[in-house]
Amino acid sequence: MPCPTAMRTKKTEAVGIPTIDLSQTRPTTSKSILHACHHFGFFKLINHGVSHHAISRLECQAFDFFAKTAPEKHRAGPAAPFGYGTKAIGPNGDTGDLEYLLLRSDPASVLQTSPSISNDPSTFSYVVNEYVKSVKDLGCEILDLVGEGLWLPNKSVFSDLIRDVHSDSVLRINYYPAVKHTENWELSSKSNPSNNRIGFGEHSDPQILTILRSNDVDGLQISLQDGLWRPVCPDPSAFYVLIGDALQAMTNGRFVSVRHRAMANSSKKARMSIMYFGAPPLNAWIAPLSEMIPPNHQSLYKPFTWAQYKKAAYSLRLADSRLDLFKAS
Ligand code: GA4
């Protein structure tokens, strides 16, 4: 059956979001990843090797949590910034049509938070840790392919930041509730072209890279250099990789952090997306790598620590361009 997103938006889907097949040879994969990071800041990843069971176990745990009553869910909140949140995103007035869980990704923090989320905390923390380990390894493999493709003397310069025990990486689970049926549902929701409510507003991710997976409900859109929004067809068997601001800075702008958003759910089925945000440790310095600055060119960004960048991010609105604050004069 054709993807509903593609049926509604044939023209924009034709532009083609790059697909990287991790079962290809290393040099081929590395070359296609570099092309995708440079032109899109975004790609779809297939044959990624992450166990289907690890993914569905986490999805089940998350669906169980979001099916709880509101007071039960609020035991895991408020998201300030970690924990359960509903509607409010960040501290500066952004809102969206969703519920979410935002978790620190290190095993000790997961274990500490689990009792407020699940009636079976040890299973919950096992399942989260198993998923985080898989997507972290995957993210590091991608970053090593990037390092190889760029011929960097230290090919693990990016992945080292995420592998660091003090890495500030986080896991986010977004839940976009199903739309309740009314007699006029088809008319008022699905087939109404003016139905463009926002689920999670436009932004770029501040970290190094994001590994996103969703169920088969559409909603994700990306914006490329032309500023047009392109729907991304959901594919539960694939991951989507998004370049974050920190990697844009380290590559001196050669890679772009992709602007993206999620539309509010218009489906009879709930949408769930799970994002792993691979981040540096708080005290790590982020600056354009010397190898990324061509002769007679200048560094586009001033060096900053990840802690400084996060502080700036949390002082701004979701849609703001945080990297502009760190542009070299
Ligand atoms: C966007 C990417 C991640 O979801 C996130 C978000 C964070 C939050 O929800 O707490 C932020 C947002 C995100 C960027 C600007 C600030 C911080 C909300 C917000 C308004 C967890 C992240 O790291 O940055």
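At-a-glance table
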read-out	value
Candidate set: the range 314-329, residues that are outside any helix (DSSP H, G or I) and farther than 16 Å from MET250 by Cβ; chosen: the one farthest from the ligand (Cβ to nearest atom)	SER329
Verdict on GLY253 being of a type in the set (Gly, Ala, Ser), closer than 28 Å to ASP144 by Cβ and more than 16 Å from the ligand (Cβ to nearest atom)	yes
Some residue of the range 149-161 being within 30 Å of ALA284 (Cα to Cα) and in contact with a Phe, Trp or Tyr (Cβ under 9 Å, 6 or more places away or on another chain)	yes
Test for GLU148: is it surrounded by 19 or more Cβ atoms within 10 Å (Cβ to Cβ) and either closer than 24 Å to LYS310 by Cα or touching a helix residue (DSSP H, G or I) at 6+ places or on another chain (Cβ under 8 Å) (or both)	no
Contacts under 8 angstrom Cβ, first residue in the range 82-93 being under 16 Å from ILE198 (Cα atoms), partner of a type in the set (Val, Ile, Thr) and in a strand (DSSP E or B), 6 or more apart	LYS87/THR95; ALA88/THR95; ILE89/THR95
Pair list, Cβ < 9 Å and 6+ apart or interchain, from the range 264-277 residues that are under 18 Å from ARG57 (Cβ atoms) to residues that are among the aromatic types (Phe, Trp, Tyr) and away from the ligand (no atom under 16 Å from the Cβ)	ALA270/PHE63; ALA270/PHE66; MET272/PHE63; MET272/PHE66; ILE274/TYR131; TYR276/TYR131
Pair list, Cβ < 6 Å and 6+ apart or interchain, from the range 238-261 residues that are under 14 Å from PHE43 (Cβ atoms) to residues that are in a strand (DSSP E or B) and of a type in the set (Lys, Arg)	ALA238/LYS44; PHE239/ARG213; TYR240/LYS44
Cross-chain or 6+ apart pairs with Cβ under 7 Å, the range 200-212 first and in contact (Cβ under 8 Å) with a residue 24 or more places away in the chain and under 13 Å from HIS260 (Cα atoms), then within 8 Å of the ligand (Cβ to nearest atom) and acidic (Asp, Glu)	GLY201/ASP94
Tally of residues being closer than 30 Å to GLN221 by Cβ and either among the β-branched types (Val, Ile, Thr) or in a helix (DSSP H, G or I) (or both) across the range 273-307	4
Some residue of the range 225-236 being surrounded by fewer than 21 Cβ atoms within 10 Å (Cβ to Cβ) and basic (Lys, Arg)	no
Selection from the range 89-119 of residues that are part of a strand (DSSP E or B), touching a Pro at 6+ places or on another chain (Cβ under 9 Å) and more than 9 Å from the ligand (Cβ to nearest atom)	ASP97, LEU98, GLU99
Residue match in the range 135-157 (condition: touching a residue at least 12 places away in the same chain (Cβ under 8 Å) and over 30 Å from SER23 (Cβ atoms))	no
Unique residue being farther than 24 Å from VAL132 by Cβ, at pLDDT 95 or above and in contact with a helix residue (DSSP H, G or I) (Cβ under 9 Å, 6 or more places away or on another chain) when the list is ARG317, ARG254, ARG259	ARG254
Breaking point among (1) of a type outside the set (S, T, N, Q); (2) within 13 Å of the ligand (Cβ to nearest atom); (3) surrounded by 16 or more Cβ atoms within 10 Å (Cβ to Cβ), for LYS311	(3)
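The values are calculated or read from the model by the stated rules, or taken from the named source; none is laboratory data. Worth saying up front: this structure is predicted, and the values here are computed from it rather than measured. Counting neighbours? That spans all protein chains shown, and the Cβs are built from the backbone with ideal geometry, glycine included.
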